[in-house]
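First the structure, in the form of structure tokens, and then the observations on it.
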Amino acid sequence: MGTTEKAGGGMRQNLSSATGTVKAAPGAARPTVRGNPMAAGLIAFGAGALAAVLIPQTIAERRAARQVEEQVGEYVEPVVAALKESAQTLGQEAGSTARDAVQHVKESAPDAAQATREHAEEQASRVSDQH
């Protein structure tokens, strides 16, 4: 038996097994899915992803994907560049805000500690006066 025939037999067996699993999935998932649309969506997505992996691409699908990639590519690049720039700006602003917050905490911590200490001493004095 040739290598190609062995590979074909293995693929047929895997496809048959996967097909059986996909066919059995709705029945097995029904108790879990009942009343839970999110679970139903996730199961449907998983079944679609499994089918997409197992079924090979046709020449027409490859050609169409290549055409879409070529047509969309010129539009995607500026969007990606703009998103990167926005993310970088947001990151810088977040870093600046975080540094400002840390500085504020450093500056106000001694005052807060002093106020807390004074309040605790005052409360301790009141308690000792009451007893």
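The values are calculated or read from the model by the stated rules, or taken from the named source; none is laboratory data. Being a predicted model, the structure only gives us computed values, none of them experimental. Calculation scope for accessible area: heavy atoms of the full protein, side chains included, ligands and nucleic acids excluded. Shrake-Rupley method; radii C 1.70, N 1.55, O 1.52, S 1.80 Å.
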Exercise. What about ALA112, is it open to solvent by less than 90 Å² (accessible area, probe 1.4 Å) and either modelled with pLDDT of 80 or more or of a type in the set (S, T, N, Q) (or both)?
Worked result: no
Exercise. Considering MET1, MET11, which residue is modelled with pLDDT under 80 and in a helix (DSSP H, G or I)?
Worked result: MET11
